[in-house]
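For reference, the structure discussed in these notes is given below.
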Amino acid sequence: MQSDAPSTPRAAARAQTEQDIIRVGREHLAAHGAASLSLRAVARDLGMVSSAVYRYVRNRDDLLTLLVVDAYDESADRVEAALAATPADAGTRERIRVAAHALRTWAVAEPSRYALIYGSPVPGYSAPGEQTTGPGTRFVALLLRELRDTVVDAPSPISAGLAAEFDAINIEFGLELDQATLAVGTCLWSVVLGAISLEVFGQYGADTFARPEDLFDLQLTTVVTRLLP
C-alpha cells in the first residue's frame, strides 16, 4: 500500500508550510471574512516575509482556492466518517439522516468556512473548476450513492433538457439512478443545504428557535419520510 506521506524531508517541510498557511488562513477567514483575506497578513502571522509565502501561494485567489478545497474536503470527510460508522443495513432513510446531521454539525462549528463554500460569492474571485469541482461535489455524490437501492415514485414529467443533465450526473458519479431517484436526490440536497444555511446565516432570527438541531431533524425527517419508501 502506497503511503501519502511526503517522500523527502524537503517535501515534508513544504507540506507542513502549506498546512500552516491553510491553518492561519482559516483563522483570518473567521476573524475578517473572505472578502478581506490578505496573503500579506497571513505571511505576517506565520513569521514569514511575503516573498517566501509566494513560493507556496501566488496570490489571494490561490489562498482562497486552498481554503475552499480544504473546507469541501473536511466537511465531506466528516460525512464519510459518519456513514462508515453507521451499519449498512440501517436503512436509506437513517443513513441520509446521518449524512445530513454530520454536515450540519460541521457547518455549525465552522460557520465562516461553510459560508465560504455555500454562501455568497467572494467579490472578484472565481473558483477554478479543475481544482474545486471534485471536492465540491463530494457531499452530493455521497448523498446520491445512498439512493442506489431505492425505488421512488415518478415525479412530475421531466423535461428532455433536465433528463440529459441527470444522465450527465449519472456518468460523472458512476451511478445508474433512474430519473425519479435523481429528482428526489436533488430535492434532498436542496433541503439539507437550505436548512443548514438558514441556521448558519441566522435567517431564523435570534429568538425564534431555541433548539435548531431539533428543527433540522424535524425538517429532514419530514422530507425523507415523504420522499423515500
Discussion item. Residues that are open to solvent by less than 40 Å² (accessible area, probe 1.4 Å), out of contact with any Gly (no Cβ under 8 Å at 6 or more places or on another chain) and in a helix (DSSP H, G or I): does region 172-179 have at least one?
Written reply: yes
Item to complete: Select from region 187-212 the residues that are among the hydroxyl-bearing types (S, T, Y) and modelled with pLDDT of 95 or more and write down the one among them that is most open to solvent (accessible area, probe 1.4 Å).
Response: S190
Worksheet item: Within region 118-140, restricting attention to residues that are free of Cβ contacts under 8 Å to residues at least 60 places away in the same chain and outside any loop (DSSP other than H, G, I, E, B), which residue is surrounded by the fewest Cβ atoms within 10 Å (Cβ to Cβ)?
Response: E130
Item to complete: Write out, first by first residue and then by second, each pair whose Cβ atoms fall under 8 Å of each other, whose residues are 6+ apart or on separate chains, and whose first residue, in region 206-229, is over 17 Å from A109 (Cα atoms) while the second is open to solvent by 100 Å² or more (accessible area, probe 1.4 Å).
Response: P229/V151
Worksheet entry | Residues located in region 180-229, provided they are basic (K, R) and part of a helix (DSSP H, G or I) | R226
Worksheet item: Which members of region 178-219 meet the condition of being in contact with a Lys or Arg (Cβ under 7 Å, 6 or more places away or on another chain) and among the aliphatic types (A, V, I, L, M)?
Response: I196
Worksheet item: Within the bounds of region 41-63, is there any residue that is under 30 Å from T137 (Cβ atoms), open to solvent by less than 40 Å² (accessible area, probe 1.4 Å) and in contact (Cβ under 8 Å) with a residue 60 or more places away in the chain?
Response: no
Worksheet entry | Selected residue (criterion: nearest to the chain's Cα centre (by Cα)) from residues of region 144-160 that are in a helix (DSSP H, G or I) and either modelled with pLDDT of 95 or more or closer than 25 Å to W106 by Cα (or both) | L144
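The values are calculated or read from the model by the stated rules, or taken from the named source; none is laboratory data. Please read these numbers as outputs of a predicted model, since none were measured by experiment. In this analysis, Cβ positions are derived from the backbone assuming ideal geometry, glycine residues included, and neighbour counts consider all displayed protein chains. The accessibility values were calculated without ligands, DNA or RNA, using every heavy atom of the protein model including side chains. Shrake-Rupley method; radii C 1.70, N 1.55, O 1.52, S 1.80 Å.
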